[in-house]
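The structure under discussion appears below in the form of structure tokens.
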Amino acid sequence: YNEDLNFGTGDFCVMAWIKDFAVNGDFQRIFSRGIDGNTGAEWDLYFSTAVPGFRFRYYINGSSMGDTILANVTNMSTDSWNQIVFSRKDDVVQLHINGSKVYSDPFQFGPADLTNTNARLYVGNRFTPSNSSAFNGSIALARISVTAPTAAQIAKIYRDEKALFQDG
């Protein structure tokens with residue numbers, strides 16, 4: 001648990017580089033925050049093979065309040081490193097893949113309060129051990145922030161970091 005991750009209704013961002021995720025095994029969690037036992041606000045950013053694409057799901061006391069399909073996989077390869085950035089700023093959620101915005105829309109859950117004073121953050125797994133829905137690839141440079149970067153900042157981060165994932 002870290003109280004700094006109680007975003008309330010404010011802005012936040014999660015970003016990571018992902019690779020080698022096979023398009024099998026539905027609901028592969030990249031980021032997840034909650035507590036086993038279905039208590040309070042919980043959320044997941046995950047890759048779903050049903051679309052295939054990225055989704056964000058928000059729960060209150062174990063009940064799904066909505067599941068947003070953020071983007072189908074169109075500008076990335078599952079066998080090479082890809083940067084993903086999910087953010088909420090002023091109740092608008094966005095997804096960037098490899099420095100390009102692929103989704104932007106008002107947060108369908110309204111000003112959802114993501115505060116949970118018992119929640120833990122998981123990277124590559126889900127907060128419920130009996131249903132881990134683990135990410136079946138690699139994750140690098142995972143970050144989380146109480147601010148949301150601009151599109152220009154995301155593009156610059158992508159350009160600056162992509163060299164880290166090239167051969168040599």
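The values are calculated or read from the model by the stated rules, or taken from the named source; none is laboratory data. Values in this document were obtained by computation on a predicted structure and should not be read as measured data. All Cβ positions, even for glycine, are placed from backbone atoms using ideal geometry, and neighbour counts span all protein chains on display. Please note that ligands, DNA and RNA were not included when accessible areas were found on the heavy atoms of the full protein model with its side chains. Shrake-Rupley method; radii C 1.70, N 1.55, O 1.52, S 1.80 Å.
Brief remarks on what is shown
- Computed from the Cβ-Cβ distance with R0 of 45 Å, the FRET efficiency linking Asn61 to Asp90 stands at 0.95.
- When all protein chains stay in place and ligands, DNA and RNA are ignored, the 1.4 Å accessible-area order of Arg29, Arg120, largest first, is Arg120, Arg29.
- Across the chain the C-alpha pair distances fall into 5 Å bins from zero in the proportions 2, 9, 19, 23, 22, 16, 7, 2, 0, 0 percent.
- Relative contact order for segment 10-168: 33 percent, from Cα pairs under 8 Å spaced at least 6 residues apart, divided by residue count.
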